[in-house]
Amino acid sequence: MIEDLGAIAQIIEGALLPLSLIYLAREAQLNVKLTKAQFSHTLTDRLYERYLSSTQNQEFVAFLSKDFASEDLSNEDQWRVTLWTNTMLVDLFDTHEQFQNGLATQEQLDMRMNLLKLGLMRSPGAKAAWSLWKPSKNQEFIDWFEAEIFDGPLEDDSGEQAAALNMRRS
């Protein structure tokens with residue numbers, strides 16, 4: 001009798017194990033979807049918050065309307081360009097990494113690249129900022145980024161520009 005109960009328990013256990021695995025797999029899928037949705041919301045919220053705060057700051061809007069590639073920018077404005085570029089680059093790095101992990105969409109990545117392509121990355125301060133980040137990125141990312149932004153490898157004096165702006169010590 002006890003042997004029969006043991007056999008019945010093993011049969012029930014054998015039947016429930018696949019159901020448990022199916023349940024766990026479904027939970028994992030739902031967790032991935034939730035993570036994607038949360039990250040997408042965070043990316044969108046971050047961008048909208050930046051837009052909103054920019055519209056409320058007249059000095060910053062005046063700064064954004066300047067020609068960042070102009071030789072007439074003061075060292076202070078060049079630094080502001082660099083800091084703004086860093087903000088945009090960190091957002092791009094985060095989005096690119098999450099795109100590689102399947103948590104961000106191509107559209108979210110494209111939006112950030114398009115913002116950088118508006119001319120910001122043609123400025124000396126932005127190129128200097130990129131020269132500081134570049135050594136921390138893998139070659140695949142560097143090739144993709146520079147092909148998208150500069151139409152090929154960036155070969156200029158951005159390192160010298162970084163030193164001139166006191167961003168890098170020689």
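The values are calculated or read from the model by the stated rules, or taken from the named source; none is laboratory data. All values derive from a computational prediction rather than experimental measurement. Cβ: placed from backbone, ideal geometry, glycine included. Neighbour counts: every protein chain shown. Ligands, DNA and RNA are excluded from the accessible area calculation, which covers all protein heavy atoms including side chains. Shrake-Rupley method; radii C 1.70, N 1.55, O 1.52, S 1.80 Å.
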Which residue, of 76, 49, 71, is modelled with pLDDT under 85 and farther than 16 Å from residue 122 by Cβ?
49
Just name the residue that is nearest to residue 91 (Cα to Cα) out of those in the range 53-76 that are part of a helix (DSSP H, G or I) and open to solvent by 90 Å² or more (accessible area, probe 1.4 Å).
55
Please go through the range 107-144 and pick out each residue that is within 24 Å of residue 45 (Cα to Cα) and out of contact with any helix residue (DSSP H, G or I) (no Cβ under 7 Å at 6 or more places or on another chain).
107, 110, 111, 114, 118, 119
For the structure I just gave you, tell me whether residue 27 is among the acidic types (Asp, Glu) and closer than 20 Å to residue 111 by Cα.
no
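Please verify whether residue 34 is open to solvent by 100 Å² or more (accessible area, probe 1.4 Å), part of a helix (DSSP H, G or I) and either in contact with a helix residue (DSSP H, G or I) (Cβ under 7 Å, 6 or more places away or on another chain) or not β-branched (Val, Ile, Thr) (or both), treating the condition exactly as stated.
In short, no.
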Determine if the range 4-22 includes at least one residue that is closer than 30 Å to residue 109 by Cβ, at pLDDT 80 or above, open to solvent by 80 Å² or more (accessible area, probe 1.4 Å) and part of a helix (DSSP H, G or I).
no
Consider only pairs whose beta carbons are under 6 Å apart and that are at least six residues apart or on different chains; among these, list those whose first residue lies in the range 30-46 and is within 12 Å of residue 98 (Cα to Cα) and whose second residue is not basic (Lys, Arg).
36/103; 39/98; 39/103; 43/108
